[in-house]
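Taking it in order: structure first as structure tokens, then the write-up.
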Amino acid sequence: MKKIIAVFTFLLTFSFMNAQDNFEVSTLRIGPFKVFMPKVDAEKIAGIKLSNSGGEKKTS
């Protein structure tokens, strides 16, 4: 009986793993933003004016 439960659990686990069909991860997009998109397009999507801070400004 224990072997049947173990085999059933094993098969059930792998059947759920096969149900995930999309394993691709995009590194060129973050939501609607693209990595090398023009600043004007990014400002339209964001709805605000963007500025380059150089990582020196802190937001409190």
Within segment 21-60, tally of residues that are open to solvent by less than 100 Å² (accessible area, probe 1.4 Å), in a loop (DSSP other than H, G, I, E, B) and modelled with pLDDT of 75 or more: 8
Among (1) within 19 Å of the chain's Cα centre (by Cα); (2) at pLDDT 85 or above; (3) open to solvent by 100 Å² or more (accessible area, probe 1.4 Å) - the single one Ile4 does not satisfy: (1)
Residue in segment 13-20 that is part of a helix (DSSP H, G or I) and at pLDDT 80 or above present: no
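The values are calculated or read from the model by the stated rules, or taken from the named source; none is laboratory data. Quick caveat, the model's predicted, so the values are computed rather than measured. These area figures cover heavy atoms from the full protein model, side chains too; ligands, DNA and RNA do not enter into them. Shrake-Rupley method; radii C 1.70, N 1.55, O 1.52, S 1.80 Å.
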